[in-house]
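Chemist: Can you keep this structure in mind? I'll have questions shortly.
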């Protein structure tokens with residue numbers, strides 16, 4: 001993949017990601033979604049974006065629009081600009097991906113170190129919190145731990161599910177501890193650690209995309225709303241849950257920020273305020289929200305159809321593309337793999353005088369000489 005092709009790929013994938021997220025935002029805005037349904041919507045959107053990225057890096061794409069041939073001198077100038085922009089973009093993108101990837105790995109290391117400094121919580125405290133002595137997620141028992149470096153209630157799951165509670169929370173009344181533990185168990189049961197991982201992958205690949213970061217914030221809020229709704233089922237429980245939110249904020253405001261790769265009970269006063277406002281709305285309406293079976297199926301299907309349509313959204317910004325083929329070349333690595341299985345795969349542009357920069361330069365010189373001789 002040369003610099004011009006890279007520029008075309010990044011620009012097109014950025015457009016495709018924006019289309020998918022905007023479609024998800026419209027479904028969220030105009031559809032009557034429960035918080036759990038919204039979680040599935042954003043997770044499906046992030047999965048579609050990752051799939052589109054993998055398809056772009058593996059297969060050729062269909063060219064619905066082929067750029068009109070330019071005059072040779074103008075084409076040389078345009079292509080040179082595209083090549084320079086592609087090289088700069090490639091360097092900047094790789095740097096951003098490396099930084100974002102190291103941030104993710106650093107968060108995992110931070111969470112692992114926090115776990116190493118923790119100790120198991122006494123069984124009587126776990127039982128008094130209103131949960132079974134041994135809770136299980138996916139066949140693995142949940143480990144309840146506490147430690148001095150735990151900034152706030154949170155959960156984490158890599159090879160085994162953990163729920164971490166600060167020492168201050170252990171002194172809360174049993175009812176408040178129950179709300180906190182049930183909230184973190186809801187994160188684990190609903191598969192939020194995996195959803196967060198998919199979101200992080202999209203954030204790493206599209207670290208430059210503001211709409212992607214907006215969708216990440218909406219997905220994080222939806223996860224918290226879904227767990228809040230899973231814990232409370234009546235107005236009296238909502239009132240007690242609101243008091244628990246305030247207690248957590250008061251007890252953890254002097255402690256450092258929680259690890260970014262864990263799923264915390266309270267992440268920032270702004271998020272707590274939004275959650276409290278939503279809970280008050282639920283208490284006033286008395287509607288916790290139940291989504292129909294059709295809605296659960298149709299909304300992910302709409303995002304999948306949008307993703308399929310997005311494979312055709314490819315920007316014609318590569319002036320070295322051949323006008324003699326409606327399909328772009330295969331990426332080199334997948335073309336070599338396809339040939340191993342005796343599948344013919346063209347990893348080069350079909351011959352066209354404008355697909356090589358040196359040929360464009362020669363044509364431009366000839367045209368200038370012809371113009372000067374007149």
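Chemist: Of 201, 196, 188, which residue is in contact with a strand residue (DSSP E or B) (Cβ under 9 Å, 6 or more places away or on another chain), at pLDDT 90 or above and under 20 Å from residue 105 (Cβ atoms)?
Modeler: Just a single option satisfies the conditions, and that option is 196.
Chemist: Answer yes or no: is there a residue in the stretch 34-52 that is surrounded by fewer than 22 Cβ atoms within 10 Å (Cβ to Cβ) and under 30 Å from residue 356 (Cβ atoms).
Modeler: Checking the stretch 34-52: at least one residue is surrounded by fewer than 22 Cβ atoms within 10 Å (Cβ to Cβ) and under 30 Å from residue 356 (Cβ atoms).
Chemist: I'm trying to understand the selection: among the residues of the stretch 310-348, which are without any contact (Cβ under 8 Å) to a residue 40 or more places away in the chain and either closer than 18 Å to residue 11 by Cβ or part of a helix (DSSP H, G or I) (or both)?
Modeler: Within the stretch 310-348, 333, 335, 336, 337, 338, 339, 340 qualify.
Chemist: Residue by residue through the stretch 45-62, note down the ones that are over 15 Å from residue 18 (Cα atoms) and part of a helix (DSSP H, G or I).
Modeler: Going through the stretch 45-62, the residues over 15 Å from residue 18 (Cα atoms) turn out to be 54-62.
The answer is 54, 55, 56, 57, 58.
Chemist: For the condition out of contact with any strand residue (DSSP E or B) (no Cβ under 6 Å at 6 or more places or on another chain) and under 16 Å from residue 213 (Cα atoms), what is the one hit in 27, 55, 49, 84?
Modeler: Working: 27 fails: under 16 Å from residue 213 (Cα atoms); 55 fails: under 16 Å from residue 213 (Cα atoms); 84 fails: under 16 Å from residue 213 (Cα atoms).
Exactly one residue qualifies, and that residue is 49.
Chemist: Among the numbered criteria (1) surrounded by fewer than 18 Cβ atoms within 10 Å (Cβ to Cβ); (2) modelled with pLDDT of 85 or more, which single criterion is violated by residue 86?
Modeler: (1)
The values are calculated or read from the model by the stated rules, or taken from the named source; none is laboratory data. All of these numbers come straight from a predicted model, not from anything done at the bench. Methodologically, a virtual Cβ is constructed for each residue, glycine included, from the backbone with ideal geometry; neighbour enumeration extends over all protein chains shown.
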